[in-house]
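Down below is the structure, laid out as structure tokens.
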Amino acid sequence: MYATNQFRKGLKVELDGTPFEIVDFQHVSPGKGRAFTRTKLRNMINQNVIERTITSGDKLDRANTEEKEMQYLYRDAEGHHFMNQANYDQVALSEETLGMTKDFLQENLVIKVMYFNERPIGVELPTFVNLKVVETDPAFKGDTVSGGTKPAKLETGAVVQVPFHIKEGDVLKVDTRDYTYVEKANK
């Protein structure tokens, strides 16, 4: 159990049988009355963010979560398949469970799969992945002056905004947290 003075960003707690991650918190000590903590919590199953006010002295249960390092194998009608590298167990996750992270899954990519009460609830991708551009508009002379961007479709189906000089076949380093182009990857 965690008391309010133990709160920190990223802490995983359980409320009403659901796992949450603390996104933000603020301890408040009013001049009159008991101190409390305003807390923003992200539901680890559906990614919704809620706000709760928790009175000082109250405690929240620790979420029964576990991360397992797994390798992405393939996608079929059942979902996206992952294999535990330690014991070769396989698990299939649906598109709803993966959310937007499915746009960065490549075969053989090693990621962390989050389990809650022995049930997979989501994945944590590496911060950066290298992906090949499969479709983008060609660059025209003079486009680089404005410093603008154009959309580029990557090999996994994700679309990111890239500088005008990027062409089909280029391998890009992409930030998976916010779908942004970082740089051209070294080949």
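The values are calculated or read from the model by the stated rules, or taken from the named source; none is laboratory data. Everything numeric in this text was worked out from a predicted model, so none of it was measured. Heads up, the Cβs are rebuilt from the backbone with ideal geometry, glycines too, and the neighbour counts pull from every protein chain shown. Quick note on the areas: whole protein, heavy atoms, side chains included, nothing else; ligands and nucleic acids left out. Shrake-Rupley method; radii C 1.70, N 1.55, O 1.52, S 1.80 Å.
Would you check which residues across the stretch 1-34 are farther than 22 Å from Tyr115 by Cβ, in a strand (DSSP E or B) and open to solvent by less than 70 Å² (accessible area, probe 1.4 Å) and list them?
Ala3, Asp24, Phe25, Val28, listed by residue number.
If a residue must be closer than 11 Å to Tyr2 by Cβ and open to solvent by 80 Å² or more (accessible area, probe 1.4 Å), how many such residues does the stretch 35-66 contain?
2
Right, Glu69: touching a Lys or Arg at 6+ places or on another chain (Cβ under 8 Å), acidic (Asp, Glu), surrounded by fewer than 17 Cβ atoms within 10 Å (Cβ to Cβ) and in contact (Cβ under 8 Å) with a residue 40 or more places away in the chain or not?
The answer is yes for Glu69.
Check whether at least one residue in the stretch 122-132 is among the polar types (S, T, N, Q) and modelled with pLDDT of 85 or more, and report yes or no.
Yes: one or more hits.
In the set Phe82, Phe116, which member is open to solvent by less than 40 Å² (accessible area, probe 1.4 Å), touching a Pro at 6+ places or on another chain (Cβ under 6 Å), modelled with pLDDT of 85 or more and not aliphatic (A, V, I, L, M)?
Criteria check complete, one pass: Phe116.
From Arg52, Arg34, Arg62, which residue is farther than 28 Å from Tyr179 by Cβ and in contact (Cβ under 8 Å) with a residue 40 or more places away in the chain?
Testing whether each residue is farther than 28 Å from Tyr179 by Cβ and in contact (Cβ under 8 Å) with a residue 40 or more places away in the chain leaves just Arg62.
Name the strands (runs of 3 or more DSSP E) wholly within the stretch 74-187 that hold at least 2 residues that are in contact with a strand residue (DSSP E or B) (Cβ under 7 Å, 6 or more places away or on another chain), under 30 Å from Gly17 (Cα atoms) and touching a residue at least 40 places away in the same chain (Cβ under 8 Å)?
110-116, 119-124
Has the stretch 84-95 got at least one residue that is charged (D, E, K, R), within 22 Å of the chain's Cα centre (by Cα) and closer than 15 Å to Val113 by Cα?
yes
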